[in-house]
Structures are given as C-alpha cells and as structure tokens.
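A.B. asks: Questions regarding the structure given below will be posed in turn.
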Amino acid sequence: MEQLEYKNKHISNILNEKENKDVYDFGDEYKKFLDNKTERECVKSIIDVARKNGFINIDEVNKLKPNDKIYIVNKNKNVLLCVVGNEDICRGINLIASHIDSPRLDLKQKPLYEDVDLALFKTHYYGGIKKYQWTTIPLAMHGVIYDKNNEKKEICIGENNEDEVFCITDLLPHLSKEQMDKKLKDGIDGENLNILVGGSSIDDSNVKKKILNVLYEKYGITEKSFISAEIEFVPAFKARDVGFDKILIGGYGQDDRSCSYASLKSILDIDKPSKTCISLFVDKEEIGSNGNTGMTSNFFYSALIDIISKCNGVCNLSDINTTLKLSRCISADVTNGYDPNYKSVDDEKNVNRLGYGVAISKFTGSRGKSGTSDANAEYLNEIIKLFDENNVVWQTGELGKIDIGGGGTIAMFITNYNIDVIDVGIPMLSMHSPFEIISKYDIYMLYKAYYSFYNKM
C-alpha cells in the first residue's frame, strides 16, 4: 500500500544529472527577475520579455486565431498574457493567476520633515509586515513622481553600488529597556517607521531645505510632487544564494514573484495548446485585492470578453458565462514552509517542506476556513492526476495549526466567476520579511507544474 513519506519525495533524489543542473540555471534566471521590486516594474519587465517572445498588444489585432499570442495591460499594474488555443475558447480556458505586489513601506503624501538636524520621510506600511524587521537595513526608493513641469519620472535610488541608500533607525541596547519590555509586535510603532534621508553639515542650518534643493536639482521634484507620487521603499539588497550548497535563494518580494515568474516562464514556453491559456498578474493582494488593479476589479472579466470577441467575432452573456464555467484555474501563491526553529506553529503531518516539490493547498484561510475557496474533490483529483502523469513532485499541507493564524489568496475571488480553482505554489521560510527563503528545487518543479497545466489539462 502506498504511503506518503516525505523522505521518498525529496526532489534531489528524483532528478537526473541534467535536470539538477537545470534547477540551478533556472534559479539564476529567477534571481534576475527579483530585481523588479514593485508591481509597475514587474509589469514592464513582463511586457518586455513577452514582446521578445512574440506577444503583441491586443489593441493591435482585430481578430484572434489559434496560436496567436497577445497581452493586455491595466493601469501599468496588471498585465494578462494569452496564447489562443485550438479549441473554441467557449469550451473553457486554463488560467494561472498570481500577484506581483509585496509588503513594503509607502510614502505619506506629506512625507518630508526635519527633527534634531536630521531629515526624515514619514511612511505608511503596506501589507502584513513585522515592523521591527524593517529597521536598520538599507532601503531603496522606487516609484513614479511628477516633477515641476508635470512630467512623470520613474525613480530608482539605492540599487546600484554607487547610489545612496536609506534606513530606519533603532535604539541601542543600552537604552532600550522599555522597548525590550514590550511585546514584539509593539516594539516598533507604525508611526515611527520614519526613514532617514539626510543630515545637516557645517554650513547647513535647515536640513529639510537642503534635501528639497537636492531633489529639485537632481530630479526637478518639489515638495508638492509627493502628494500625487507613488513611492515605495524596499530592501536595497539583491537576491542571493543561501547556504554552502547554493540550493536556497534569499531575497525580497518572493511572495509572490516566485509564482509569478514560474507562471511567466511556462506561458512563454507553451506551443500550440489545445485550450486557450492565460497568465494573469494582479496587484493589491497583500491588502485584500481591492481597487481597480486588484483581483476584485473587473479587469479580468472585461479582458476575457475582449479575447472571446476577437476569437469568435462576438461575445454575449451566454458565451462569457459558459467560458467561465468550463475554465480551470491555478491560484499561484506561496505557503509556509516547515521551519526547524518554529515547529510548534505547524501540524507536522500536514505541513509543506522546502525541497519536496510544489505545494497544493486545497484551502487556505484561518480558523474555521474563513476567507478561502476550498477546492472540490473532483478538481483536486484532476490536478493530482495531472502532476503524477507529468512527473511533477508535489506535496500538500496547511498554513499552520488550526486557530494559530492563517491567510488567504486570490483564489476566493476567482471562484466568484464559477471557475474551479486550486492553490498551487511553493513553501517559503521567513514569509513577508525583507529576506524570504525558497528552494531552487521547488520553483523549478513549480515551472514544470504550470507548464503541464497549460499543455495537458
């Protein structure tokens, strides 16, 4: 009788020599993708690589035929890639949906102030973070801002070795008795996540004025420019190999750009699929998927109508409803990995481990499955059968013990379209921290999983 034993499933014992080399090569390419640290940068990168691989903007075509490759952009924060299949699109699509936003620090509208001869920026954190993790690390400034001439400028400061960086200060241990007596979550107040951006010199009596002069001279930015700006502060360091064997990757934003990258690579590599394949990259997942660039917007719905119309010449209500009902989706998102330092938060029999393959999550949510989609047995069995037949190493687990915590994904919003959805991602250590950890084995296997979903489902 078959037994599910982790020790029999580690990927390193299953791949041949060439595949093991592919794992490392794939990881190296993925690390370059992580240089895109905001949703806008991800969208731009995705479009660039898609165009190089034969994708064109849907606005450039009047009619779509099998094997055509198109993309659709929404407000520079969402993008959809589509490869038209040989079957009638109304017989359903194969959809992989992932998010490209990550926890970070956003600037307030009036950020710059001076105190005790230092210049600082006020921030408002975005997504679920442990605030203490964002102090005393180098931060980079990314985003868009309008200058004095009302021209939009893209900002990226702190990523090159010669760039200045920024940081949030913390108390020295000698004076932090009161701070250390607080609960960990209260050690750093949200209003004190103020970023150090300048200091006075011998001939400066007003450091805020000095910083404004620097911003104006370098970038044409005035204090008013910050009101409409979208400026994000993120860790300034690059993704790196972790450990002597270099099989782990540490870096910022791997939730959820690891799954996004695997989805991107898989749709770029498919050729002449039976069903129409769509890779959807969305924003705002970390704050509930609200807004006109989140999964709760009508971007996907209206884009699909546009695609159906250009495939079949028309798209009525019955067409779109039939297409959605017959479609299948993978919600591409990470889950927690079993951490030897924190075993107590997991059910050892139902937890995912690094290096043991893709993580299938039947449901996420918290407590009594709150905020989840809970995939049905029929669809989950289809996915398992697909992966087994295509040598995809997989595992399954839950996001911590019952009542400990939990979390959601965009799956619950996709099910509102009456689409069958299952979460398939990879396990991760230190999730939502400035330096998250994944296994190269897992993300390579994730690519194989998504590729088989597009080609064989």
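A.B. asks: Name the GluC sites (Glu not before Pro) in segment 312-403 that are in a loop by DSSP and that have at most 12 other C-beta atoms within 10 Å, would you?
C.D. replies: In loop regions of segment 312-403 (DSSP not H, G, I, E or B), the sparsely surrounded GluC sites (Glu not before Pro) are E348.
A.B. asks: Another question, then. Can you tell me what share of the DSSP beta bridges in the chain is antiparallel? A percent to the nearest 5 is fine. Write out the running numbers ahead of the final one.
C.D. replies: Values: 53 of 77 bridges.
Around 70 percent antiparallel, to the nearest 5.
A.B. asks: I would also like to ask the following. For Cα pairs less than 8 Å apart in space and 6+ apart in sequence, what is the mean separation divided by the residue count of the chain, i.e. the relative contact order in percent? Intermediate results must be reported in sequence, preceding the final value.
C.D. replies: Values: 958 pairs, mean separation 102.0, N = 457.
The normalised contact order for the chain reaches 22 percent.
A.B. asks: Another question, then. Can you tell me the orientation of helix 299-312 relative to the chain, as the angle in degrees between its alpha-carbon axis and the longest Cα principal axis, to the nearest 10?
C.D. replies: In the chain, helix 299-312 runs at an angle near 40 degrees to the longest axis.
A.B. asks: How tilted is helix 17-33 with respect to the longest principal axis of the chain? Cα atoms for both, answer in degrees (0 to 90, nearest 10).
C.D. replies: 40
A.B. asks: Here is a further query. Based on other C-beta atoms within 10 Å, arrange Y252, Y444, Y71 from fewest to most. The partial results should precede the final answer.
C.D. replies: Details: Y252 23, Y444 27, Y71 19.
Final ranking by Cβ density, sparse to dense: Y71, Y252, Y444.
A.B. asks: Checking the table K401/K456; K63/K272; K21/K131; K284/K369 against a 28 Å threshold on Cα-Cα, which pairs fail? Numbers along the way, then the final one.
C.D. replies: Details: K401/K456 34 Å; K63/K272 17 Å; K21/K131 38 Å; K284/K369 22 Å.
Result: K401/K456; K21/K131 exceed 28 Å.
A.B. asks: Please determine, in degrees from 0 to 90 and to the nearest 10, the orientation of helix 207-219 with respect to the longest principal axis defined by the Cα atoms of the chain, where the helix direction is its Cα long axis.
C.D. replies: Long axis of 207-219 versus the principal axis of the chain: about 50 degrees.
A.B. asks: Indicate the gyration tensor shape class of segment 210-338 (rounded, prolate or oblate), computed on the Cα atoms with a ≥ b ≥ c the square roots of the eigenvalues: a/c under 1.5 is rounded; otherwise a/b larger than b/c is prolate and the rest oblate.
C.D. replies: In terms of gyration-tensor shape, oblate.
A.B. asks: Could you give the distance between the Cα centres of segment 229-269 and segment 416-454, to the whole Å?
C.D. replies: Centre-to-centre (Cα) distance: 12 Å.
A.B. asks: Related question: Which one of T136, T38, S302 has its Cα pushed farthest toward the positive end of the charge dipole of the chain, where Lys and Arg give +1 and Asp and Glu give -1 at the Cβ?
C.D. replies: Most positive-ward Cα: S302.
All of the numbers you see were taken from the coordinates with simple rules; none came from a lab. Since this is a predicted model, take the numbers as computed values, not measurements. Because the Cβ atoms are built from the backbone with ideal geometry, glycine has one as well, and the counts that use them run over all protein chains shown.
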